[in-house]
Amino acid sequence: MSHAKQSLTGRRTLTEKVLNRIQTIWLELVTGFLWWGVGYIPSHHLRRFFYSLAGIRFGKGSTIHMMARIYDPRNITIGSDTIIGERASLDGRKQLKNSKGGLEIGSHVDIASEVMIWTSQHDMSDPDMAPVEEKVTIGDYVFIGPRAIILPGVTIGKGAVVAAGAIVTKDVPAGKMVGGVPAKIIGDRNIEKLDYTLGRARLFQ
């Protein structure tokens with residue numbers, strides 16, 4: 001490679017690094033604003049306005065309760081009539097090259113307090129602990145109990161139930177109930193037709 005080409009490649013690499021750093025810092029500022037500013041506003045409408053402005057796509061009637069921890073809102077989609085409890089962690093990170101991250105939550109989904117949903121983790125078999133991003137998909141009519149943890153790459157099927165405190169490391173089939181650490185199938189939901197609405201979220205929460 002000629003000296004001129006090497007110099008051009010070096011400038012491109014430096015420019016990419018600078019732009020990536022600027023983007024990272026901007027995203028951290030947005031994240032901090034959502035956590036410490038928006039998350040404590042006691043109004044569903046105002047929080048939803050700011051979350052939408054930051055990039056979250058909401059369906060009709062859906063809301064996120066107070067004190068949520070949101071990572072990269074640009075890649076989070078929430079369906080209609082979905083309620084997400086207070087202090088939930090929603091991870092929409094999709095920053096790596098060729099990333100498969102992002103978070104998609106369906107309609108009529110009930111996510112309880114302090115649930116953590118992660119789309120990013122470290123590769124424990126990599127000597128450099130390289131980050132990995134994998135999409136999480138939560139189907140319609142799912143219920144996730146308090147303090148459950150959903151790990152990257154998991155798909156939870158329509159109408160499934162995740163028990164409180166469960167750690168979900170694998171896909172959950174539609175209509176199944178899972179619990180434990182790691183989560184395993186513990187039963188069936190036994191509802192023939194899912195056709196309910198969750199209704200209005202409580203004021204000032």
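For the reader, a short list of remarks on this structure follows.
- Dipole magnitude of the chain, debye to nearest 20 (Cβ charges: Lys/Arg +1, Asp/Glu -1, about Cα centre): 540
- Separation of the Met67 and Tyr40 label points, Cα + 7 Å toward Cβ, nm: 1.1
- Among [x] 12.9; [y] 13.6; [z] 19.4, the entry derived from the coordinates for mean projected area of the Cα convex hull in nm²: [y]
- Per-residue ellipticity at 222 nm from helix content only, as computed over the chain with -39500 (n - 2.57) for each DSSP H run of at least four residues, stands at -7500 deg cm²/dmol.
- Between 0 and 90°, nearest 10: helix 44-54 axis offset from the chain longest Cα axis: 30
- Shape category assigned to the stretch 121-205 from the gyration tensor of Cα positions, a/c cut at 1.5: prolate
- Selection from Tyr40, Pro173, Met116 lying farthest towards where the dipole of the chain points positive, charges on Cβ: Tyr40
- Entry note, the stretch 20-155: relative contact order of 18 percent, from Cα contacts under 8 Å with a spacing of 6+ residues.
- Cross-link pairs Lys135/Lys170; Lys94/Lys176; Lys94/Lys158 - those with Cα-Cα distance over 18 Å: Lys94/Lys176; Lys94/Lys158
- Our compactness index for the stretch 23-82, the C-alpha radius of gyration over the empirical 2.2 N^0.38 Å, is 1.05.
- The chain: angle of helix 3-36 to the longest principal axis, Cα-based, in degrees nearest 10: 30
Bear in mind these aren't lab numbers, they're just calculated from the coordinates by the rules spelled out. This structure is a prediction, so every number in the text was calculated from the model and none was measured. Using ideal geometry, Cβ is built from the backbone for each residue, glycine included, and neighbour counts are taken over all protein chains shown.
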